[in-house]
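To start, the structure itself, in structure tokens.
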Amino acid sequence: MPVIAHVLLALVYTVPAIAIALTLPHSFPSVDRLTALVAGALVFLFGAILHEVAARQQRDRALARWLARLRSGDEELAAGLDQLHAELRSLRGAARPEPAPVPAPAPAPALDAGRDVSALVAELRTLRGMLARERAAAPALAEAEAPAEAAADAVLNAVLDAGPTAAGAVRAAPAAGAVTAAIRAALSGDRVDICIQPVVALPQRKHRFYQVTARLRLDDGLELGPEIYLPVARRDGLVAFIDNLLLFRAIQLLREAERRGQQVGFFCAVTADSLADRAFVRQFSQFMAHNAGLADKLMFELPQGELFDPDGDARPMLAELGRLGFRFVMGEVAHLDFDAPDLAARHVRYVKLDAGLILEQPSPFGGLDSVLALKHELERSAIDLIVDGIATEQQLVELLDLRLDFGQGALFGEPRPPQPSAPRRP
């Protein structure tokens, strides 16, 4: 509303109000001057209110018209931008040469679409070299198939007779030769089964990692776990071959999880014997140099005794893997006499403690209070504690005071062969 309109509208109620205040006592002698002033003021106030209402309505109408013009302008601007984008796309299409048609490659289910060719070639060469070296180092591997059935029967009988003490039975002298022959037959026959066990985040129990282990399958279906075959394989120089297979299967699982967009990591148990093998160190370092992207999701698990072995030949390999960005998990912890900053310097990211040893009375770890103090010390060095071997809900309840972040054990899932859809989404 223009200013002149406001002035004229104000005069409409101001002049009558003044006239009433001045002339009312003269026109009506019974009305005193105060009453006349009040009547004039009321007329002025009523007129001012009507003036304000009219002015606000006028402003609202003007604002509505302005907003309508803005919307119209936005639509025109958007249409103009769309037209410019279309013109740019047409110009880019005209400037880019048409690529020559490339024949579609033959399907290869075993390869990832985004795999780098050089990395794949390095992986194949590495695996081929490792297999050739291990078979040359153990020529009896291929010759063990003939007595394999008898050896497997001997192992099966020893395990069944021993029951819970199967590991001790197969390590006994009478069965040691049978175990060796059975292990060689299983390796020669490609009967190395990979199992994965979830490591869950607590309290949600979401799968965050998978522990990868190998089991040797005998002719009659019996499976030997690491606690049975590892001592014999270590003695006979076969453990590096098993570690090689385990490691490459773990890498295959990791690639499959990445292809599916699953945010999970893998713990791969390796032995110091493999890491002390110079040929393995050289070939594996070359392979990992081409696959540095695996470092944040693939961790190597070593026993406490091997990780802290001052005379061990594996320390250079551990340092080399640490420089490549890989991290380690310390398992089979027997005592808490270690320093968290020292573990961090050794590139250890996780420490595993056995639930049975924590809850044992008396505990070699000093009880829940000592473990809780250790957990706080580890956290200050960016190391997480994992409690392994949790088999029952009761054990989990007894461990609540530790405020655990990660747990592993039969309660959350037994070790099982990976299914086509596994590892499942956390």
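Values quoted throughout were computed directly from the atomic coordinates according to the rules given, and no laboratory measurement underlies them. Everything numeric in this text was worked out from a predicted model, so none of it was measured. Glycine also receives a Cβ, built like all others from the backbone with ideal geometry; neighbour counts cover every protein chain displayed.
If you place +1 on the Cβ of every Lys and Arg and -1 on the Cβ of every Asp and Glu, how big does the dipole about the Cα centre of segment 321-404 come out, in debye to the nearest 20?
520 debye
Looking at Met288, Val239, Tyr229, which one has the Cα that reaches farthest to the positive end of the dipole of segment 180-312 (charges on Cβ: Lys, Arg +1; Asp, Glu -1)?
Met288
Could you give the size of the charge dipole of segment 175-285 about its Cα centre, using +1 on the Cβ of each K and R and -1 on the Cβ of each D and E, expressed in debye and rounded to the nearest 20?
Using Cβ point charges on Lys, Arg, Asp and Glu, segment 175-285 gives about 460 debye.
Which values of log₁₀ I(q)/I(0), to two decimal places, follow from the Debye formula for segment 3-72 at q = 0.17, 0.21, 0.27, 0.29 Å⁻¹ with a uniform point scatterer at every Cα?
With no solvent term, the Cα-only Debye profile gives -0.68, -0.84, -1.06, -1.13.
Is the shape of segment 179-319 best called rounded, prolate or oblate, per the rule: a/c under 1.5 gives rounded, else a/b larger than b/c gives prolate, else oblate, with a ≥ b ≥ c the square roots of the Cα gyration tensor eigenvalues?
Here segment 179-319 falls in the oblate category.
Kirkwood Rh and Cα-based Rg: tell me the resulting Rg over Rh for segment 343-426, rounded to two decimals.
So for segment 343-426, dividing Rg by the Kirkwood Rh gives 1.02.
What fraction of the Cα pairs in segment 192-408, stated in percent, has a spacing above 28 angstrom?
The calculated P(r) of segment 192-408 puts 30 percent of pairs beyond 28 Å.
Going Cα to Cα from Lys297, which lysines come in below 17 Å? Please leave out same-chain ones fewer than 8 positions away.
Within reach: Lys206.
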